[in-house]
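Let me begin by presenting the structure, written as structure tokens, before commenting on it.
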Amino acid sequence: MAKIIDGKELAKKIRQNLKIECDELKEKGITPKLAVIMVGDNAASKVYVKNKSKACNEIGIEYQEYILGNETTQKELLDLIKELNKKEEINGILLQSPIPTQLNINEAFKTITYSKDVDGFTPSSVGKLCIGEETFISCTPYGVMKMFEEYNIDLNGKDVVILGRSNIVGKPLIQCCLQKNATVTVCHSKTKNLKDHTKRADVIIAAIGQSKFVKEDMIKEGAVVIDVGINRSEDGKLTGDVDFENVQKKASYITPVPGGVGPMTIAMLMNNVIQATKEQYKAKNNYKLIYQYK
Ligand code: GUN
């Protein structure tokens, strides 16, 4: 029987430590502030955004929501991002995806200034991650890596199979796992003989958005199974991409849904907002010092 990786508990511990960091910033007169932009009325996004606002409240991060209508134009969206880029009191900008199809999300992400890119989606953040420089890391992959760290799961030399190649999860995870010296395979909807890949994986990370897709016969005995999926069944119940009940009998470690990767994503977003605030404060002070010296 697999050990459960308790994302809920780990996320709570991370948020508690972040609250201490946030209180220290406030003592210096700095209040971190996150701006969240939501375009349209995607039901799942509303839930995610509500959870992000709750976490901000708990930690003491100010939270400002910008809700734009379904008919929003690209120019209106970019203008709002540019305005938020300029506002000194805003430390982090998050554009909740998905957005309506008439809009170009990559162009919108590109417009977010690097220093406020708490989601790690700008080309600068993605590029830095690829060449191993310190940067903002997309929150779900970052949360998964924190889980490995907490549970002493060493990826060195391990075969990691990632199911899904999204820009938000699959692709950044490739880089994160490579940095830990794993041998990484990425599978997707066009992959042939999927089971051949999953059966030899030491670690499987499922991020495909298909309820209970990973079955017991797809994994080897003792594999570590990380479930990034959040699917809602007709009766409103949350399910992951992994058939938890059966896979847990064979895995060595497994993440549950809910209570696994989901809370970690939010905790790492909070972490990125606090770090962004600190970096911006440092840069401003350095600038002042240089200016005074001159
Ligand atoms: N939509 C689903 N997950 C995410 C996320 O982590 N960040 C943003 N901005 N949108 C999302």
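Normalised by the number of residues in the chain, the mean separation of alpha-carbon contacts (under 8 Å, six or more apart) gives a relative contact order of 22 percent.
Note on the chain: the alpha carbon radius of gyration divided by the globular reference 2.2 N^0.38 Å gives 1.04. For the stretch 132-148, 3J(HN,Hα) computed residue by residue from phi via the Karplus equation (6.51, -1.76, 1.60; θ = phi - 60°) reads x, 8, 5, 6, 6, 10, 3, 5, 5, x, 4, x, 4, 5, 5, 5, 4 Hz, glycine and proline entered as x. Considering only ASN51, TYR66, ILE99, and ranking their Cα positions along the charge dipole of the stretch 1-148 that arises from unit charges at the beta-carbon of Lys, Arg, Asp and Glu, the one farthest toward the positive end is ASN51. Only lysines eight or more places from LYS128 in sequence, or on another chain, were considered; those with a Cα closer than 17 Å are LYS110, LYS116, LYS171, LYS180. Close amide H partners of THR239, meaning residues 5 or more places away or on another chain with modelled amide H under 5 Å apart, are ASN231, ARG232, SER233. From the square roots a ≥ b ≥ c of the eigenvalues of the alpha-carbon gyration tensor of the stretch 136-212, which class results: rounded (a/c under 1.5), prolate (a/b over b/c), or oblate? The shape class here is oblate. When TYR281, TYR253, TYR142 are arranged by Cβ crowding within 10 Å, least crowded first, meaning fewest neighbours, the order is TYR281, TYR253, TYR142.
Per-residue ellipticity at 222 nm for the chain, helices alone: DSSP H runs ≥ 4 residues times -39500 (n - 2.57), over residue total, nearest 500 deg cm²/dmol? About -14000 deg cm²/dmol. Karplus-derived 3J(HN,Hα) values for the stretch 262-278, using 6.51 cos²θ - 1.76 cosθ + 1.60 with θ = phi - 60°, are x, x, 5, 4, 5, 4, 6, 5, 4, 4, 5, 5, 5, 5, 4, 4, 4 Hz; glycine and proline are entered as x. Charge dipole (Cα centre; +1 on Lys/Arg Cβ, -1 on Asp/Glu Cβ; no other charges) of the chain amounts to roughly 380 debye. Think of each Lys and Arg Cβ as +1 and each Asp and Glu Cβ as -1; about the Cα centre, that makes the dipole of the stretch 3-92 roughly 380 debye. Measuring between alpha carbons in the structure, the pairs from LYS75/LYS282; LYS46/LYS237; LYS33/LYS237 lying more than 21 angstrom apart are LYS75/LYS282; LYS33/LYS237. In this structure, LYS13 and THR183 have a Cβ-Cβ separation that, at R0 = 30 Å, corresponds to a calculated FRET efficiency of about 0.45.
Setting aside same-chain residues fewer than 8 positions from LYS249, which lysines have a Cα under 16 Å from its Cα? By straight Cα distance, LYS249 reaches LYS3, LYS199, LYS212, LYS215, LYS220. The ranking of HIS197, HIS188 by Cβ neighbour count inside 10 Å, starting from the fewest, reads HIS188, HIS197.
Note on the stretch 54-113: with charges restricted to the Cβ of Lys and Arg (+1) and Asp and Glu (-1), its dipole about the Cα centre is near 180 debye.
Laboratory data are not the source of any read-out in this text; all were calculated from the coordinates shown. Computed from a predicted model, the values in this text were never measured in an experiment. In this analysis, Cβ positions are derived from the backbone assuming ideal geometry, glycine residues included, and neighbour counts consider all displayed protein chains.
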